Amino acid sequence: MEKQKIDDIETLANIAFNEDRYDVSLKLYNEMIKNNNDSDALYMLARHYIDGLGVEQDVEKAISILKKSAKRGCLDASYLLLEYVQTTSQCCKG
């Protein structure tokens, strides 16, 4: 997928998330993950699961997604993951 289209999808997904249109943001973030395995989209998907935004709340699933995102270099995912696991030794284990 070309970079401009990915950026456009991310922008639309972020707008939808910020406007509490979680059904739309979930669809767009999942599209980014499917097409690109995007670390930021993984992070945002995890945020949906942490708080039950448009999906059933599932912190364990969120932690698993955060680990994938962190391994792909998303610092926001690393920080949020650290809040949940409380130790750096567990933060980024698969």
Enter the Cα centre distance for the pair the stretch 12-26 and the stretch 48-65, rounded to the nearest angstrom. 15 Å
Filter the GluC sites (Glu not before Pro) in the stretch 1-64 to those in DSSP coil with at most 11 other Cβ atoms within 10 Å of their Cβ, and list the result. E2, E19, E56
Give me the net charge of S39's neighbourhood, meaning all other residues with Cβ under 10 Å from the Cβ of S39; Lys, Arg count +1, Asp, Glu -1. 0
The chain: relative contact order in percent, alpha carbon pairs under 8 Å with at least 6 residues between: 18 percent
Stokes-Einstein D (µm²/s) once Rh is taken as the Kirkwood radius of the chain over alpha-carbon pairs, at 4 °C in 1.567 mPa s: 98 µm²/s
Dipole in debye (nearest 20) - the chain, about Cα centre, beta carbon charges: Lys, Arg +1; Asp, Glu -1: 480 debye
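Only the coordinates and a few stated rules stand behind these numbers; no lab work does. Predicted model only: the values in this text are computed from it and were never measured. Cβ: placed from backbone, ideal geometry, glycine included. Neighbour counts: every protein chain shown.
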